[in-house]
């Protein structure tokens, strides 16, 4: 199987504390891969490290994306290679219209038509006529902003979309839409790395990994991993750290 | 005094029209007799066109023009009135005195472009007295273009009185080209049930100096106001913002909102001041100065933009 992303022994510390303790992970081409784990397990840190955000430079290990080590690449360069990230709490942009925001990511693919932008909004259940000219600013609700963030991933068509808790701040009824959207990203040609607490999203994945205290404890069938996390995972407070990677 | 020939006037009209376009104006509106307009170059009134319900009186002075603009009682002017003030020469002094009255129950939108495309040593002073009558409405948009040299001092000063039920919306922007030295000084007295919204947007570069002084006095019951300022400064530019709102009457509501973004060696100071002497009035404020938000920049970079382009989009959005 060919892997779009391969992480080997990724180690990262922040403020003198080891946050990633040797992450090993492989994500296949057009694979939906969920990472589940308790708060503080290092899931978002892993997402930021993959995107190359400032302050998340890893000390050891390697990130091989599409056959290339991306260690020295900036955020922009990684994005141009095809990696992108949807933040759990997306940034707000005063004065920037939704139509312009959604067009930004598509520049690398030769631009985008207005109809394609409208279609991306429809996919996240937002009416284009209502949202195209709105600002990506404070006036949007948290749920609206999250949907627009997902729409911006659709218009970008990345090789690897990293979604950091795309379900947070969105009501349960909308979970089905998020799941179908993630599938649509795959059908569009993207691999998707989803960080989530929700079983429904993990269940819709091709594969899942359980992350604990900065390491991947086990990877495999999403239902099995989800079940293990829910019923057999030792509560963090009662565990002797660090856990052993299985 | 040098006699002005028709050819010279024609040339000056062409020059100021080109400068008006450079400032973002649509020159066709200045030649449309169905629209009210006024074009002033230096101390010359090049054209003045009133329409029904509008009275324009003008008097050329040694260094500028005195203007009286009246919107007659009850007239709702359907299309914007276009104003152009400018100086196309490298140096000079332009003094504009404006006496504006929107009489009771009238409504008008004024769109002004102030253009100094070649300014190397220019002073532009504007002193205005504006009266928004009972239940009248004025929407005033002023866009400046100062060219690339920065050799200009712009000193607009206005006192605005809003009578009962009046509405005053103003938007001042100077985001293309250099600022030079700007000292913007507006004060507003707001009467019962009136609304005042003042927005300033300025982008300072090189050694530009920006001073924004705005004061709203909420004198009447239920008067409401917002002072909103968006400043972006880079290189060695400096800015000072002072926004004062005073609540003197029951149920008066005011808000002062200043956001400044710094890059390079720029320096900024923001002082929102709120004064309330009526226990039923409420005035709030917020001010933020800082570099461009890191998460915003990284978000746009994660969509493939270079860092400088990301910052440019964020700053332009803030000033849009």
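Every read-out reported here was derived from the displayed coordinates using simple, explicitly stated rules and does not represent laboratory data. Just so we're clear, the structure is a prediction, and the values are computed from it rather than from any experiment. Cβ coordinates were reconstructed from backbone atoms using ideal geometry, including for glycine residues, and neighbour counts include every protein chain displayed.
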Subject >> 0 to 90° range, to nearest 10: angle between helix A:175-187 axis and chain A longest Cα axis >> reply: 90
**OP:** Per DSSP H run of at least 4 residues, take -39500 (n - 2.57); add these up for chain B, divide by its residues and hand me the 222 nm value, nearest 500 deg cm²/dmol.
**Re:** -3500 deg cm²/dmol
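Quick check: convex hull of the Cα atoms in the protein assembly as shown, volume per residue, rounded to a whole Å³?
Details: hull volume 103.0 nm³, N = 566.
Dividing the Cα hull volume of the protein assembly as shown by its residue count gives 182 Å³.
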**OP:** Order by neighbour count: B:39, B:101, B:45, fewest other Cβ atoms within 10 Å first, most last.
**Re:** B:45, B:101, B:39
**OP:** Specify the angular offset, from 0 to 90 degrees and rounded to the nearest 10, of the alpha carbon long axis of helix A:114-123 from the longest principal axis of the alpha carbons in chain A.
**Re:** 50
**OP:** For chain B, with a Gaussian network of springs between Cα atoms less than 10 Å apart, report the residue from B:51, B:200, B:17 with the top mean-square fluctuation.
**Re:** B:51
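Beta carbons within 10 angstrom, averaged per residue: use that to sort the peptides B:56-62, B:107-113, highest first. Could the numbers behind the result be given before it?
Values: B:56-62: 12.1, B:107-113: 20.7.
Ranking the peptides B:56-62, B:107-113 by packing returns B:107-113, B:56-62.
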Subject >> Value in Å of the Kirkwood radius, where region B:110-200 supplies the Cα pairs that are averaged >> reply: 13.9
Original post:
If the viscosity is 0.692 mPa s and the temperature 37 °C, what Stokes-Einstein diffusion coefficient in µm²/s follows for chain A when Rh is the Kirkwood radius over Cα pairs?
Top reply: 178
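Kindly work out what percent of the DSSP beta bridges joining two residues of chain B are antiparallel, to the nearest 5.
Taking every DSSP beta bridge within chain B, about 10 percent pair in antiparallel fashion.
Within a 10 angstrom radius of each residue's Cβ in A:115-124, how many Cβ atoms of other chains show up on average? Whole number is fine. All intermediate terms of the calculation are to be shown ahead of the outcome.
Working: counts 0, 0, 0, 0, 0, 0, 0, 0, 0, 0.
Rounded to a whole number, the mean comes out at 0.
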Subject >> Highest average packing first - A:89-99, A:209-219, Cβ atoms within 10 Å >> reply: A:209-219, A:89-99
Original post:
For region B:202-320, what is the largest minus smallest coordinate of the Cα atoms on each principal axis, given in angstrom and ordered from greatest to least?
Top reply: 52, 31, 18
**OP:** Return the tail of the calculated pair distribution for chain B, meaning the percent of Cα-Cα pairs more than 31 Å apart.
**Re:** 34
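What is the fewest-to-most order of B:100, B:116, B:184 by other Cβ atoms lying within 10 Å of their Cβ?
On the way: B:100 20, B:116 31, B:184 23.
Fewest-to-most Cβ neighbours within 10 Å comes out as B:100, B:184, B:116.
Per-residue mean of other chain beta-carbon atoms within 10 angstrom of the beta-carbon, peptide A:40-53?
Working: counts 0, 0, 0, 0, 0, 0, 0, 0, 1, 0, 0, 4, 3, 5.
Average neighbour count from other chains, rounded to a whole number: 1.
Over chain A, what is the relative contact order in whole percent, taking alpha-carbon pairs under 8 Å and six or more residues apart?
On the way: 480 pairs, mean separation 65.7, N = 246.
In percent, rounded to a whole number, it is 27.
Using only alpha carbon pairs under 8 Å that are at least six residues apart, calculate the relative contact order of chain B and give it in whole percent.
Values: 978 pairs, mean separation 30.0, N = 320.
For chain B, the relative contact order is 9 percent.
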Original post:
Could you put A:49, B:13 in order, starting from the residue whose Cβ has the fewest other Cβ atoms within 10 Å?
Top reply: B:13, A:49
Original post:
What average number of partner chain Cβ atoms lie no more than 10 Å from the Cβ of the residues making up A:96-102?
Top reply: 3
**OP:** Name the residue, out of A:118, A:43, A:107, whose mean-square fluctuation peaks in a Gaussian network model built on chain A with Cα pairs under 10 Å.
**Re:** A:107
Original post:
Using Cα atoms only, what is the angle between the long axis of helix A:142-156 and the major principal axis of chain A, expressed in degrees (0 to 90) to the nearest 10?
Top reply: 90
**OP:** Out of all DSSP beta bridges with both ends in the protein assembly as shown, state the antiparallel percent to the nearest 5.
**Re:** 20
Subject >> Antiparallel content of DSSP bridges confined to region B:35-103, in %, to 5 >> reply: 50
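Listed highest first by mean packing, meaning other Cβ atoms within 10 Å per residue, what order do A:136-148, B:165-177, B:273-285, B:225-237 come in? Don't skip to the end; give the middle numbers.
Details: A:136-148: 17.6, B:165-177: 20.8, B:273-285: 14.8, B:225-237: 22.4.
Most protected by this proxy first, the peptides run B:225-237, B:165-177, A:136-148, B:273-285.
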